[in-house]
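The values are calculated or read from the model by the stated rules, or taken from the named source; none is laboratory data. Bear in mind that the values here come from a model prediction, so they are computed numbers and not experimental data. Here the Cβ positions follow ideal geometry from the backbone for every residue, glycine too, while neighbour counts run over all protein chains shown.
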Amino acid sequence: MSAPRIERVVTSGTFSLDGGTWDVDNNVWIVGDDSEAVVIDAAHDADAIAEALGDRTLLGVICTHAHNDHIDAAPDLAARTGAPILLHPDDLPLWRQTHPDRSPDAELVDGQTITVAGTELAVLHTPGHAPGAVCLYSAALGTVFTGDTLFQGGPGATGRSFSDFPTIIDSVRDRLLTLPADTVVHTGHGDSTTIGAERPHLQEWIDRGH
């Protein structure tokens, strides 16, 4: 069995909410080995994601949250591969704005573990950017996939519907800053960072939030 690895596919499209639409580039993360993988956030372009997967078995399409730019390609990718779509149930209202006729296949639950290529991904419920936002932490890979909960330079945006600033600050402080400092943070947009690099910035946000 080959060693597990992390791959990034950058896709482009639009994010729409509260009557506005913006052009965005999204990070799609593939975690697995030569035989199997999971996709974290199937954004915009099922063709590009399927090409990156190749002939590997897709075990699941994991949604960090249900903003349209993170889930718009999920049903297409699931239909091609037979993989289930996994979403935290608190984000179903957002999901239904994009996919009213296609429900997720399984629920993500805080504390559950998803295993791929012999590597465990722990589900951390981190509401704030969205009610059902989750991060996925792999101690073995020294990595956390944060979706839009944490970026290089601060937490995700909370200025639109279904979001809340004090809630995201609590999530970042209690669920992410407790991880080892050298943990690599793979985000939903933009460059990766580390927990240690973000701690000084985040303390400022925490002070502002409380």
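Quick notes on this structure:
- Residue match in segment 126-140 (condition: within 17 Å of GLY196 (Cβ to Cβ), in a loop (DSSP other than H, G, I, E, B) and out of contact with any Gly (no Cβ under 6 Å at 6 or more places or on another chain)): yes
- Among residues of segment 166-210, those that are within 19 Å of the chain's Cα centre (by Cα) and among the aliphatic types (A, V, I, L, M), counted: 9
Every residue, every condition in (1) among the charged types (D, E, K, R); (2) touching a strand residue (DSSP E or B) at 6+ places or on another chain (Cβ under 8 Å); (3) crowded, with 22+ Cβ neighbours inside 10 Å; (4) assigned to a strand (DSSP E or B), yes or no:
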site	(1), (2), (3), (4)
VAL9	no, yes, no, yes
PHE15	no, yes, no, yes
ASP25	yes, yes, no, yes
VAL28	no, yes, yes, yes
VAL31	no, yes, yes, yes
ASP34	yes, no, no, no
ALA37	no, yes, yes, yes
HIS44	no, yes, yes, no
ASP47	yes, no, no, no
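- Criterion: surrounded by fewer than 20 Cβ atoms within 10 Å (Cβ to Cβ), over 29 Å from ASP23 (Cα atoms) and either in contact with a helix residue (DSSP H, G or I) (Cβ under 8 Å, 6 or more places away or on another chain) or modelled with pLDDT of 95 or more (or both) - qualifying residue of GLN152, GLN112, GLN203: GLN112
- Of all the numbered requirements in (1) surrounded by fewer than 16 Cβ atoms within 10 Å (Cβ to Cβ); (2) without any contact (Cβ under 8 Å) to a residue 60 or more places away in the chain; (3) not hydrophobic (A, V, I, L, M, F, W, C), GLY118 misses one, and that requirement is (2).
- Within the option set ASP182, ASP191, ASP164, ASP174, being under 21 Å from HIS65 (Cα atoms), touching a strand residue (DSSP E or B) at 6+ places or on another chain (Cβ under 9 Å), surrounded by fewer than 16 Cβ atoms within 10 Å (Cβ to Cβ) and among the acidic types (Asp, Glu) holds for one residue only, ASP191.
- Filtering segment 138-177 to residues that are under 24 Å from VAL116 (Cα atoms) and among the β-branched types (Val, Ile, Thr) leaves THR143, VAL144, THR146, THR149.
- Checking ALA66, ALA83 one by one, the residue that is crowded, with 24+ Cβ neighbours inside 10 Å, assigned to a loop (DSSP other than H, G, I, E, B) and hydrophobic (A, V, I, L, M, F, W, C) is ALA66 and no other.
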